[in-house]
Amino acid sequence: MAELGTLDQLPADYLDDLEARNLVPLWPNLRSVMPYEKPARKSQPVLWRYRDIRPLLLKAGELTPIEKAERRVLSLANPGLGLENMMATPSIYIGMQLILPGESAPCHKHTPAAVRCVVEGSGGFTTVEGEKCPMEKGDLILTPSGTWHEHGHQGADPVVWMDALDMPLVYYLESSYCIDGESQPLRNVPDASQTRYRRAGLVPYASLGKARAPYPLYRYPWTEVRQALRALEADTAADGIVWLAYVNPETGGECLPTLGLSTVMLRPGETARPVRRSASAVVHVIEGEGESLIDGVEIAWEEDDTFAVPTHADLSLTNRSTARPAYLLVVDDAPIQRKLAFYEEFPPG
Ligand code: GTQ
């Protein structure tokens, strides 16, 4: 490990000459962009309490009509990355979106991919490419890159959901933009989770052997995912994690090219210690309460809370209840890292 030369070892007139020609010497900066052993990380382990968010989001409902917001969202920003950058982790944007009864958020499509997880309220819906997806607590709705989507609300109480987008990555690539569209004509059928992909292991015969649709399923209903976790518990070793990945039912691969989606059930009193990973993640608490240690930082979470897990961080997840399971949604950037061929897991020892 050679000691590298520093900027102050270079003559001022030489540095001026470089700067005048838009040139920068690498060696004084090499260790900061490429440190040994572990990446430099600005992201912090952060907890966003729903108890804090909710009144401020409802206040936004009073202060800003939907027409003035397009999307009425408070972004969950990681202070380590600069609040104004609206990044929960280096690749993941998280927002909490409020829609009031009778309101609608107009149709658009954009280059960033999005996924939503319903936090509270009944009667909301998102229409994706003409498919009307009901939104009930815990439901996951995908709006992949380039798909038309709009939101509405036919219920009586405020509806709130969490948005996760790969926007920080797409923005960094100077590729993030949006196109407004007309409200979509509805295909008058239930969403594909109730029709074409009603059950794992079955796909419409016509799709066999055909070019695979990139996004056959937009909605993953929580009531069914929750049952699937309960069923998996019966076949999970006591020291194993009850953990399901959301996948594309036609390919068995990740639902989205950038964001990984999975859900963990913590048994009463359980502490899970997932293997340390190179991916960053955001964890959202669908049900339950507990605590986590993230690189030594203790975070006590409750239902509907959300927290950020930086890349390469140590993570534990403890269900504080000895009576009820806890259910977590994990959004991570492992799919990006796998595609770039540097995704790693670091088993202990
Ligand atoms: O609902 O389409 O939180 O376009 C940020 C950007 C939500 C959305 C966000 C968006 C949306």
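The values are calculated or read from the model by the stated rules, or taken from the named source; none is laboratory data. This is a predicted model, so every value here is computed, not measured. Backbone-built Cβ (ideal geometry, glycine too); neighbour counts: all protein chains shown.
Only one residue in Thr223, Thr263 is in contact with a strand residue (DSSP E or B) (Cβ under 7 Å, 6 or more places away or on another chain) and closer than 27 Å to Ser122 by Cβ. Which one?
Matching residue, one of Thr223, Thr263: Thr263.
Only residues that are more than 22 Å from Ala113 (Cβ to Cβ), among the aliphatic types (A, V, I, L, M) and in a loop (DSSP other than H, G, I, E, B): list them for the range 194-244, please.
Correct list: Ala200, Leu202, Val203, Leu208, Ala234, Ala237, Ala238, Ile241.
Please work out if Thr236 is closer than 30 Å to Ala213 by Cβ, of a type outside the set (Gly, Ala, Ser), surrounded by fewer than 16 Cβ atoms within 10 Å (Cβ to Cβ) and without any contact (Cβ under 8 Å) to a residue 40 or more places away in the chain.
no
If you go through the range 140-170, how many residues are small (Gly, Ala, Ser), within 12 Å of the ligand (Cβ to nearest atom) and in contact with a strand residue (DSSP E or B) (Cβ under 7 Å, 6 or more places away or on another chain)?
Of the residues in the range 140-170, 2 are small (Gly, Ala, Ser), within 12 Å of the ligand (Cβ to nearest atom) and in contact with a strand residue (DSSP E or B) (Cβ under 7 Å, 6 or more places away or on another chain).
Any residue in the range 171-187 that is buried (at least 21 other Cβ atoms within 10 Å of the Cβ), away from the ligand (no atom under 12 Å from the Cβ) and either under 17 Å from the mean Cα position of the chain (by Cα) or touching a residue at least 12 places away in the same chain (Cβ under 8 Å) (or both)?
no
Any residue in the range 39-61 that is over 31 Å from the mean Cα position of the chain (by Cα), surrounded by 11 or more Cβ atoms within 10 Å (Cβ to Cβ) and not hydrophobic (A, V, I, L, M, F, W, C)?
No, the conditions are met nowhere in the range 39-61.
Got a sec? Which strands (runs of 3 or more DSSP E) wholly within the range 35-122 have at least 2 residues that are touching a residue at least 40 places away in the same chain (Cβ under 8 Å)?
46-48, 93-99, 104-110, 114-120
Given the criterion at pLDDT 95 or above, touching a helix residue (DSSP H, G or I) at 6+ places or on another chain (Cβ under 8 Å) and closer than 22 Å to Val297 by Cβ, identify the matching residue among Ala105, Ala40.
After ruling out the rest, the residue left standing is Ala40.
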